[in-house]
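Asks: Quick one: structure below, then a few questions.
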Amino acid sequence: MKRFISLLLGGLLLVFGAAPALAHQSVRLQDDFYEAVNERWLQAAELPGDMPAISGFWELSRQVSAQLQADFNEMNRQDTTGPLGQFLAYYDMASDYQTRDAVGGAPLAAYIERIQALTSLAELDEHLADWVRDCMPLPISLHVSPDMGNAQQHAVYISDPGLFLPDASYYSAPLGQELLQVFMDTGQALLTLAGVPNPTAVMTDALAFDALLVPYAKTAAEAGAYPQMYNPMDMDAFSSLGGVICFDRLLQNLLGQRPAEVVVMNPRYIAAFSKLVTEETFPQLQHWMLVNTVFHLAGYLDQAFLHTVSAYQRALTGQTQSTNPAELAFLLATGTFGGVVGDYYGRTYFGEDARQDVLALTDTLIDTFKARLTRNDWLSSETIQAAMQKLDTLVVNIGYPDEMDPMYHQFQVVSAQEGGTLLDNTMAFAQIARAENFAQYSNPVNRHAWNMTAHTVNAQYNPVAHAITFPAALLQAPFYSPHQSAGENYGGIGTVIAHEITHAFDHNGAQFDASGSLHNWWSEADFLAFDLKTQAMIALFDGVPHGSGSLCGRMTVTENTADAGGLGCALEALQVLPASDLEAFFYNWATIWRNIATPAYTDLLLALDVHAPGKVRANLQLGNLDIFYEIFGVTEEDGMYIPTERRVVIW
C-alpha cells in the first residue's frame, strides 16, 4: 500500500519572494517565529481538493513539473530518439485516456488468472523465482543493496511484504478500523471491475491474512533505526525457516549462486514465516495476492479503476477530490523513467556555474563542521579524528549524474498499434529493473551512484554510500539562487546541505564508519556521551502536540539531530562572511518549512514521517540557539523561549 503514498505528489503553485515584511504581522516573532514569518502565506494559501498538503518543497516541485510538462508537450516525437524518445512514447500512452478507457481492465486479466490458477503453496514455491522476477505480490520481499556490514560488497536483504494499512500502529486505533472498512469497500469495487468472482469472500480472506502479519510488522519508529534492520543470517539457518517455501532454491535461481548469508530486516517475521505461510493459510494468501495485485496495478488501467482506487487514497489523506488524470499520467511516466527525466532536466536547467557555486558552499560547510569538531568538549581526540576522516571521505553529488543509468536503454515501449498496453509496458520495465537489481549481487559497489533523480525537490544522505545528494530541482529559490543574499542562501540551501552532512553523525549515521560500513568507531565513553545528548533531543520533541496526537521523539530523532546540526553549522559559516544578514537567514529558515495539510494527512505523517512537522522543526530548533534570543530579543515571557537546561546542541 506504500505506492499510494508515493502518488500523493503535487502542490499549489505559489511564488516565493524575498524575506517577508513583518511590520503588520498579528503574531509576534518572539511567540511563534514560524507563524509570524509565514503569516501572509498561511492566510492566502488554499489547499485544492485533489491534494493532501502543500509546502515549500511541494510548491517548487509543482513549478518543476509544470516546466517539464510544457517541454514534453512541445517536443517533436519524430525528432526524439533513445531513452528520451521511449519516455515520450510511454508518456503519450499514459496520457491517452481514450485508449485506456477503451481497453478497460483487460490488461489486468492475465495477472489475475495467473494467481487464480495456483492450486497450492507447493506449486507457488516451485516457480517462486519467476514470481519474484515478474514483480508479483508475495509474502516475502527480496532486494540487493550494499552490505551495511561491508559497504564494498552487495548483500541480499530479506523483509516482510508490508501491510494494507500504512503502519502497524494503525490497527489498534479507531481510525485504523475505519480505514480497514474503506479498504474493504474499495477492494470489493476493484475486484468487481476486474471480474473476480465473490469479491466479498476474497476481501475477507485477504484481510484475514493481513491480520496474521500485523503482530510481526515493524512500526515506522522501529523501521527508522537502520542498525536494527541489519541482521545477517547464515544461509543454512535462513533456509531452515521457509517451511514449504524453499528459500535455498529461490536465492540460487535469482542470484545464480548460493549466498553464504542474507540480511534479515525483520527477524521476528522471518522466525514466524513457516507458521504464517502454510498450506492451511494458502487460500487466504492467494486472495491476499489478488487484492494486492488489483490495488497496485489499478493506476495503470482506465479511469473507472483510477476513480475507484482513489477512494482509499482520499480516506488516507483527507483529499476531497481525485488527482487530475493528466497529472497522474505525468507522475506515472516520470516515475517509471525517472533517470531519463532527471537527465533531461539537469542538463537543460542546471548549469556548471551553479554546480561549482553549490560545491564551494558544500566545501565551506564541511570545513565549518570540522572547525566545530575541533572545539568539541565532550569527545576524545581519537573519536574526533575518526569523525574528521568521515568528513574527508564524504561523497558529494550535486545537480545530476554525469551519466544516465544504462538500464534505461533497455526500456522499449510496445505501442498500442503493436498490441502494447500501459500496464504491460510498465510491468516489462519493472521486470528489467528487478533483474538489474539482482545482477548487482556479484558486481562491485558504486558509491557515486545516484538513487534520487535530478528533477526531485529533495536531498539525501546515504550512510552506506556515505554520500550526500542535492538534485538540480532543489537548487532554486528559496533554497538557493545567485540573486539571493548570503543570509537567504545559507538559511535555505546552506541549512539543508549541513543537515545532510550532520546525518553522518546522527544516531543512525554515527554507527557507520568512513567506508560506509556498520562499524563502531567510538570509544565507549564517547558514545555514551553522544547517546545522552540524543536522549535530550528525543525528550525535547517527544509529546509535542500536533494534529490529533503528538510527536514521537524517538521516531524523529535522527532528522531533529540533523536539523540542529545543520542550522548551527550553516549559521556559523554565514557569520564569518563580510556581509552576514542574520535576520534573512532566520527568515528563510522559517520560510522553507511552511506548509498546510488536511487533518487526515497531518495524522498520517505523524504516524509515518521521521521528520518533525514543518512548524515544529522550524520553531523548536531556533530555541536551541543563543544567538536567536539575542537578535530577536526573546525572553522567558515569550512563546519561543526554551529553558536553558532543555536546549540541545549535539554538533
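Asks: Restricting to region 547-586, name every residue that is charged (D, E, K, R) and in a loop (DSSP other than H, G, I, E, B).
Replies: Correct list: Arg554, Asp581.
Asks: Please go through region 63-84 and give me each residue that is of a type in the set (Ser, Thr, Tyr) and at pLDDT below 95, ordered by number.
Replies: Thr80, Thr81
Asks: From the list Ala220, Ala155, Ala151, exactly one residue is open to solvent by less than 40 Å² (accessible area, probe 1.4 Å), within 25 Å of the chain's Cα centre (by Cα) and under 23 Å from Thr556 (Cβ atoms). Which is it?
Replies: Ala220
Asks: May I ask you to list the residues in region 252-266 that are open to solvent by less than 50 Å² (accessible area, probe 1.4 Å) and not hydrophobic (A, V, I, L, M, F, W, C)?
Replies: Restricting attention to region 252-266, the residues satisfying the condition of being open to solvent by less than 50 Å² (accessible area, probe 1.4 Å) are 254-255, 259, 262-266.
Within region 252-266, Pro259, Asn266 meet the criteria.
Asks: Can I ask one more? For Asp101, state whether it is in contact (Cβ under 8 Å) with a residue 40 or more places away in the chain, more than 21 Å from Ala430 (Cβ to Cβ) and open to solvent by less than 40 Å² (accessible area, probe 1.4 Å).
Replies: Answer is no for this residue.
Asks: Within region 197-278, which helices (runs of 4 or more DSSP H) (wholly inside it) include 2 or more residues that are in contact (Cβ under 8 Å) with a residue 60 or more places away in the chain?
Replies: Because the criterion is at least 2 residues that are in contact (Cβ under 8 Å) with a residue 60 or more places away in the chain, the helices (runs of 4 or more DSSP H) in region 197-278 that meet it are 199-213, 220-223, 226-229, 247-255, 267-276.
Asks: Here are some conditions: (1) surrounded by fewer than 21 Cβ atoms within 10 Å (Cβ to Cβ); (2) within 14 Å of Leu571 (Cβ to Cβ). Ile596 meets all but one. Which one does it not meet?
Replies: (2)
Asks: Shifting gears a bit: If we keep just the residues of region 500-553 that are over 29 Å from Gln152 (Cα atoms) and in contact with a Gly (Cβ under 6 Å, 6 or more places away or on another chain), which is surrounded by the fewest Cβ atoms within 10 Å (Cβ to Cβ)?
Replies: Among those residues, the one meeting the criterion is Ser550.
Asks: Now, a different point. State the number of residues belonging to region 291-306 that are in contact with a Pro (Cβ under 9 Å, 6 or more places away or on another chain) and open to solvent by 20 Å² or more (accessible area, probe 1.4 Å).
Replies: So the answer is 4.
Asks: Of all residues in region 273-290, count the ones that are open to solvent by less than 10 Å² (accessible area, probe 1.4 Å) and small (Gly, Ala, Ser).
Replies: 0
Asks: So which residues in region 190-217 are of a type in the set (Gly, Ala, Ser) and crowded, with 19+ Cβ neighbours inside 10 Å?
Replies: If the condition is that a residue be of a type in the set (Gly, Ala, Ser) and crowded, with 19+ Cβ neighbours inside 10 Å, then Ala194, Ala206, Ala217 are the ones that fit.
Asks: Return the total of residues in region 108-148 being under 17 Å from Val262 (Cβ atoms) and open to solvent by 20 Å² or more (accessible area, probe 1.4 Å).
Replies: Counting residues in region 108-148 that are under 17 Å from Val262 (Cβ atoms) and open to solvent by 20 Å² or more (accessible area, probe 1.4 Å) gives 5.
Asks: Moving on. Which of the residues that make up region 512-546 are of a type in the set (Ser, Thr, Tyr) and either outside any helix (DSSP H, G or I) or out of contact with any helix residue (DSSP H, G or I) (no Cβ under 9 Å at 6 or more places or on another chain) (or both)?
Replies: Ser515, Ser517, Ser523
Asks: Okay, moving on. Looking at region 364-405, which of the residues that are in contact with a strand residue (DSSP E or B) (Cβ under 9 Å, 6 or more places away or on another chain) and either in a helix (DSSP H, G or I) or among the aromatic types (Phe, Trp, Tyr) (or both) is surrounded by the most Cβ atoms within 10 Å (Cβ to Cβ)?
Replies: Tyr400
The values are calculated or read from the model by the stated rules, or taken from the named source; none is laboratory data. The structure presented is a predicted model; accordingly, all values stated were derived computationally and were not measured. Glycine gets a Cβ as well: all are built from the backbone with ideal geometry, and neighbour counts include every protein chain shown. When the accessible area is computed, the model is the full protein with side chains, heavy atoms only, and any ligands, DNA or RNA have been set aside. Shrake-Rupley method; radii C 1.70, N 1.55, O 1.52, S 1.80 Å.
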